[in-house]
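One structure is given below, encoded as structure tokens.
The values are calculated or read from the model by the stated rules, or taken from the named source; none is laboratory data. Please read these numbers as outputs of a predicted model, since none were measured by experiment. Here the Cβ positions follow ideal geometry from the backbone for every residue, glycine too, while neighbour counts run over all protein chains shown.
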Amino acid sequence: MRRYVNGLIATFLFLFPALLMAQSENPYGRFLGEEVRVGQEIKYVLTYTHPSDEEVIFPGEKHSFAPFEYISRQYFPTQSDSTTSKDSVVYTLMTFEMDSIQELTVPVFVMQENGKKEPIFPEKDGIFLVKSLASDLQQGEQPQLVENTNLAKVNEEFNYPYLLIFLGLVFIALVIVVFVFGGKIKRVLQLKKLKKQNIKFNSSFENYATAPYDAPKLEHLLGIWKTYTGQMIDLPLQSYTTKEIQAVLPNEKLDTPLKTFDRAIYANMVDDQMQQNISFLKEYAQKSYEKKIEEVKNG
């Protein structure tokens, strides 16, 4: 596969020199492909033809390639004649965004006599995001409907006055108890439920929080965290993407662990700080639990 991609790049850069040399005013940038998946590498070619005495700089890893993330770059030898030079670089990028069409334009910086760098942008190029949803039905399994037309035997209805009076008295007693002590009973039950959920969360979380880490294990761990934290803050985080979580939970310290999990799950790029990020998510969930406890007690 790598030989195929390198061959495609070489063909693009060297088989059509006339096309590239024609771009004498603006850089020429485009993707090598029309579609990409989340966590999949994509090549972006940037070429600029300029006067031979002109100094140009191509962006590096510190440059923002949003909505893409920088992975690496590959320079190609400068091609020159008596008046012009052509410089080319191929960037390897990756996206974790969910927009259907994602566009990019990467500038070339031209050094001026005063030492400043003037950016020159090529036209934007776009690429389609292929979204894949895995479910049992999509894998060909159809829901099975079972018919049952047999009549169920029902006991004959009975009506005893004393039973109705007893039930009526029980109902009245319950109404009085709920009216007088309902709020306190509800809080006690809620606190008991929250404590039980917290114990279950910690047990499930710890089962997947130890090294070694791989994509399925981390995906399950993140799912446990999303489900539990969502319950604590009354939001369906389980169905949220990282970008959507960042929108509803603006917390810079939370952004890094979530992005680290995305890279590990979708691109199998496990960070050296994974244990630290896991600990942060657990601490965040615990603080959400403690805040929920205080809300119930003061509610």
Can you pull out every residue in region 216-230 that is surrounded by 17 or more Cβ atoms within 10 Å (Cβ to Cβ) and not polar (S, T, N, Q)?
Lys217, Leu218, Leu221, Leu222, Ile224, Trp225, Lys226, Tyr228, Gly230
Name the one entry in Ala215, Ala247, Ala285 that is farther than 25 Å from Lys131 by Cβ and outside the structural domain of Tyr70 (by TED's automatic domain parsing).
Ala285
Check region 142-156 and report whether any residue there is at pLDDT below 70, closer than 30 Å to Met98 by Cα and out of contact with any Gly (no Cβ under 6 Å at 6 or more places or on another chain).
yes
Which listed residue, of Gln246, Gln231, is closer than 20 Å to Lys196 by Cα and without any contact (Cβ under 8 Å) to a residue 40 or more places away in the chain
Gln231
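For region 270-299, which positions are part of a helix (DSSP H, G or I), within 26 Å of Ile42 (Cβ to Cβ) and in contact (Cβ under 8 Å) with a residue 40 or more places away in the chain? Break it down into steps so the answer makes sense when it comes.
Keep residues of region 270-299 that are part of a helix (DSSP H, G or I), which gives 274-298.
Then drop every residue that is not within 26 Å of Ile42 (Cβ to Cβ), which leaves 274, 277.
Once the filter is applied, which keeps residues that are part of a helix (DSSP H, G or I), within 26 Å of Ile42 (Cβ to Cβ) and in contact (Cβ under 8 Å) with a residue 40 or more places away in the chain, region 270-299 yields only Met274.
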Tell me which residues, restricted to region 226-269, are under 17 Å from Lys287 (Cα atoms) and part of a loop (DSSP other than H, G, I, E, B).
Asp234, Leu235, Leu249, Pro250, Asn251
Among (1) aromatic (Phe, Trp, Tyr); (2) in a helix (DSSP H, G or I); (3) closer than 30 Å to Ile71 by Cβ, the one test that Tyr213 misses
(2)
Top-ranked residue of region 257-283 - restricted to ones that are modelled with pLDDT under 90 and of a type in the set (S, T, N, Q), ranked as surrounded by the most Cβ atoms within 10 Å (Cβ to Cβ):
Gln273
Considering only residues that are in a loop (DSSP other than H, G, I, E, B) and within 24 Å of Arg30 (Cα to Cα), which ones fall in region 112-133?
Phe121, Pro122, Glu123, Lys124, Val130, Lys131
With the checklist (1) touching a Phe, Trp or Tyr at 6+ places or on another chain (Cβ under 9 Å); (2) not in a strand (DSSP E or B) in hand, flag the one item Asp87 doesn't pass.
(2)
Is it the case that Gly33 is more than 19 Å from the chain's Cα centre (by Cα) and on the phi > 0 side of the Ramachandran plot?
yes
In the set Thr47, Thr92, Thr78, which member is outside any loop (DSSP other than H, G, I, E, B) and over 33 Å from the mean Cα position of the chain (by Cα)?
Thr78
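Each row is one residue, and each column tells you yes or no for (1) in contact with a helix residue (DSSP H, G or I) (Cβ under 7 Å, 6 or more places away or on another chain); (2) basic (Lys, Arg); (3) modelled with pLDDT of 95 or more.
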{"residue": "Ala10", "(1), (2), (3)": "no, no, no"}
{"residue": "Ala18", "(1), (2), (3)": "no, no, no"}
{"residue": "Glu34", "(1), (2), (3)": "no, no, no"}
{"residue": "Arg37", "(1), (2), (3)": "no, yes, no"}
{"residue": "Glu55", "(1), (2), (3)": "no, no, no"}
{"residue": "Glu61", "(1), (2), (3)": "no, no, no"}
{"residue": "Tyr70", "(1), (2), (3)": "no, no, yes"}
Here are the criteria: (1) within 16 Å of the chain's Cα centre (by Cα); (2) of a type in the set (A, V, I, L, M, F, W, C); (3) over 16 Å from Met98 (Cβ atoms). Tell me which single one Ala267 does not satisfy.
(3)
Which condition does Thr92 not pass, out of (1) touching a residue at least 60 places away in the same chain (Cβ under 8 Å); (2) surrounded by 14 or more Cβ atoms within 10 Å (Cβ to Cβ), if it passes all the others?
(1)
Going through region 95-111 in order, the residues found to be of a type outside the set (Asp, Glu), part of a loop (DSSP other than H, G, I, E, B) and under 15 Å from Ser64 (Cβ atoms) are Phe96, Thr105, Val106, Pro107
Checked Val177, Val170 against criteria (at pLDDT below 90 and assigned to a helix (DSSP H, G or I)); the one match is Val177
